[in-house]
Structure formats: C-alpha cells, structure tokens
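What follows is a short report on a single structure.
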C-alpha cells in the first residue's frame, strides 16, 4: 500500500502508512481525528480500486464512524465515506445496501455543496450507474441527464467528466437495445476523449471499445459503468 500510494504521488497517505508501520499500530487503535479518517478513507478507496473489498470496507467503515463522531453526519468528508462504501457494495452486487449509501452521500452533498457542484454530479452519476445495474433504467435516465447538465455547466462540453457521463448515458441506452439513440452519444463522448485525453488514454479506449461493440452488434455492453 505504501509503494502504491508513492507511485500515485499521494505523499500524505505514504507518510500516514509509514508512521503506522513503524509503530506497528493496529487499525483498531487509530486515534479518532478528521485527518485520520481522511487517510483511512483514501486507503480504503485504494483497496477498492485493487478489488480488495473486504479490507476496503473495514477501512471505510471506520472512517465513516470517525467522521460521523468528529465532523457530524452532514459533512462532505462523511459523504465521501458513504459514497465509497456504496461503490464497494455495488461492485459486490449488494445493490440495496449500495443504494442506501449512495443516496445518503447524494443527500449530504446536495445539501452542503449544492445541487450544481461537480462532487454532487459524481454522486448523481454513481447512483444512476447503480440503477442501470439493477435494471431500473427509468430511474437512471433523469439522473444521468442531471449529471450531464452539471458537468456541462461546470466544465463545458469538452471535458473528460462530460465525456464520461455521455458514455454512461449511451451505455444505458444500449443496454436497453436503443442503438440508434446510443450511437451518436458514444460518438460525442469519443470525440471529447480524443480531443482532450488523446488516443491512448484508458477513458478513450473504453469509449472506443463500447462504440465498436455497438457497431459489431454485440448487444449489451460488458464494460462496467463508471
């Protein structure tokens, strides 16, 4: 974890983990401060990205407990813990639990940061993606459209966040078999990614692969929603 954090340039997390290694301190003995909760959340998210869901959940649950105690439940840092836990449960197909956590994160972010904040858009997008996984497309569509509007208002048309949201919207249409609706949206997302990220970026490759599957008539998209 220290090496991974160092590669990612996350110096604060490297320092935090190094200190804990040196004193051989168990997770249960972390002091309860907002700074510690922030580090625990970062570590938990790194573990989530590695697919280590059990360890990730342990770190994030402790971060959530500390955040609720020290900062209160209605705080952006607490919302981040709720959001990341929701992502873990979504990846584990524990959809009902994921919905509870993602909706809580969205409620906090909307109230504290505002409905047009980019971080709120992240929650809207994640909840929409969850509904797609659950087959609740009628609930996903307005959320994707809301997230797209927020991204366009904050970042403009030519931005990776806008392209990612367009890709997710197109995926939703393709999963329903609406290829005519999906194709131009995939193309728009690809044009954005090519222009701002380049041909070799993972986001570009993902959208390119999705559009290729559509053209090849392969039906539902295999790529996970972002």
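Residues checked against (1) buried (at least 24 other Cβ atoms within 10 Å of the Cβ); (2) at pLDDT 95 or above; (3) not in a helix (DSSP H, G or I):
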position: 59; (1), (2), (3): yes, no, no
position: 81; (1), (2), (3): yes, yes, no
position: 86; (1), (2), (3): yes, yes, no
position: 99; (1), (2), (3): no, yes, no
position: 104; (1), (2), (3): no, yes, no
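Considering only residues that are under 22 Å from residue 160 (Cβ atoms) and over 13 Å from the mean Cα position of the chain (by Cα), look in the range 106-140 and name the one that is surrounded by the fewest Cβ atoms within 10 Å (Cβ to Cβ).
Per the stated criteria, the residue is 114.
Listed by first and then second residue, the pairs linking a residue in the range 203-226 that is closer than 18 Å to residue 125 by Cβ to a residue that is surrounded by fewer than 16 Cβ atoms within 10 Å (Cβ to Cβ) and modelled with pLDDT of 90 or more, with Cβ atoms under 7 Å apart and 6 or more places separating them unless they lie on different chains, are 223/209.
The values are calculated or read from the model by the stated rules, or taken from the named source; none is laboratory data. What you are looking at is a predicted structure, and each value in this text was computed from that prediction instead of being measured. As a convention, Cβ positions derive from the backbone with ideal geometry for all residues, glycine included, and neighbour counts pool all protein chains shown.
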